[in-house]
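The values are calculated or read from the model by the stated rules, or taken from the named source; none is laboratory data. As the structure is a prediction and not an experimental result, all values here were calculated from the model. When we count neighbours, we look across all protein chains shown, and the Cβ atoms used for this are built from the backbone with ideal geometry, even at glycine.
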Amino acid sequence: MKMLEVLKRYVRHICKIFLCKYALRWSISCKYKKKLGKDINWSHPQDLNEKICWLAACTDTSEWTRLANKYTVREYVATKGFEENLVDLYGRWEKAEDIDWDRLPDRFVMKANNGCGGHLICHDKSLLDIASETKRFKKLLRKRFGYDTFEPHYTRIKPCIIAEELLDTGKQAVVSSSLVDYKIWCFNGKAEHIWVYNNRTEDSAEFGIYDLDWNYHPEWAVATSCFLKQRRPLPKPETLPQMIEMAEQLSEGFPEVRVDMYEVDGRVWFGEMTFTSVGGCMNHFDADYLVRLGEKVDLNLVR
């Protein structure tokens, strides 16, 4: 039975590779219908979800691959003049067996450079089960993120493991059980709105939407089992002008991209760049709001 399950998983994976390479639009359509309960308008995409899917399936996403890669994006951020906003990099390894645990500090975060989740947040290295973590990262590297979600730019990322500085959640201006994630949506180098996520767990997060003047807009958000509306507005970050300027410069030349940042100890720290938020199937935003954001994406610039 175990061999049969392994074989089934292997066959499913091969099928998804085939679909991602040779039937991408059809595969995205099926995923979209399953998650959102409606069809994509490929001929005249309207809202942000549809336009993200159209861009992923119908344009050259090779640059997305470089910038969605949590390792290679660091060079891009540095060349844009924001090297001081990068957390320290402690190491990079292509094999889990090669991780030099002895050279790592007591506190760090370790993750794969592709995909999301699976992070190791280490507050005390002496408490780590190194053998178990090595085994887990070895398994994580074998997974080629993007095939299951039909996001081809992720499938082209060569997997590796990176270890970086662990930012201190206790040095934030906002009390949160996790880092407060400031996600700035940009369209052709122009910031539009900020999505703020806090108190994140593996299964859920609190979130709110703010305009560039930090007015809170709960009417644009939809609560789900995974995303809970913030009960009250969070205080405006002191570094908001710097965050916006940085996001706009990093997003230049892209029809749409989300630039994620943190504010810790009074400084801005770069997080990541995301081109296909929730795979283009976001369900925790009001439908009219998604159309409003979709109007900001000019597909004529990339057709």
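Taking (1) part of a loop (DSSP other than H, G, I, E, B); (2) surrounded by fewer than 16 Cβ atoms within 10 Å (Cβ to Cβ) in turn, I157 satisfies each apart from (2). Screening L228 with (1) in a loop (DSSP other than H, G, I, E, B); (2) farther than 19 Å from W54 by Cα gives one miss only, at (1).
K171 meets each of the listed conditions (1) at pLDDT 95 or above; (2) crowded, with 20+ Cβ neighbours inside 10 Å apart from (2). Residues in the stretch 22-48 that are among the basic types (K, R), within 17 Å of T155 (Cβ to Cβ) and without any contact (Cβ under 8 Å) to a residue 60 or more places away in the chain: R25 only. Out of (1) surrounded by 13 or more Cβ atoms within 10 Å (Cβ to Cβ); (2) under 30 Å from L290 (Cα atoms); (3) touching a helix residue (DSSP H, G or I) at 6+ places or on another chain (Cβ under 8 Å); (4) at pLDDT 95 or above, the odd one out for W26 is which? Looking at each condition in turn, W26 falls short on (1). List the residue pairs whose Cβ atoms are under 8 Å apart, where the first residue sits in the stretch 93-122 and is modelled with pLDDT of 95 or more and of a type in the set (F, W, Y), the second is assigned to a helix (DSSP H, G or I) and surrounded by 12 or more Cβ atoms within 10 Å (Cβ to Cβ), and the two are 6 or more positions apart or on different chains. Short answer, once both residue conditions are applied: W101/K125; F108/K125.
When the stretch 142-154 is examined, which residues are found to be surrounded by fewer than 19 Cβ atoms within 10 Å (Cβ to Cβ) and not in a helix (DSSP H, G or I)?
Filtering the stretch 142-154 down to residues surrounded by fewer than 19 Cβ atoms within 10 Å (Cβ to Cβ) leaves 142-143, 148.
If the condition is that a residue be surrounded by fewer than 19 Cβ atoms within 10 Å (Cβ to Cβ) and not in a helix (DSSP H, G or I), then K143, D148 are the ones that fit.
A223 falls short on exactly one of the conditions (1) surrounded by fewer than 21 Cβ atoms within 10 Å (Cβ to Cβ); (2) in contact with a Lys or Arg (Cβ under 9 Å, 6 or more places away or on another chain); (3) of a type in the set (A, V, I, L, M); (4) within 20 Å of W54 (Cβ to Cβ), and that condition is (4). Within the option set D213, D203, being of a type in the set (D, E), modelled with pLDDT under 95 and in a loop (DSSP other than H, G, I, E, B) holds for one residue only, D203.
Residues that are within 22 Å of Y154 (Cβ to Cβ), in a loop (DSSP other than H, G, I, E, B), under 20 Å from the mean Cα position of the chain (by Cα) and among the acidic types (D, E): does the stretch 235-258 have at least one? Yes, because at least one residue in the stretch 235-258 is within 22 Å of Y154 (Cβ to Cβ), in a loop (DSSP other than H, G, I, E, B), under 20 Å from the mean Cα position of the chain (by Cα) and among the acidic types (D, E).
For the criterion of being part of a loop (DSSP other than H, G, I, E, B), under 20 Å from the mean Cα position of the chain (by Cα) and among the β-branched types (V, I, T), V297 passes.
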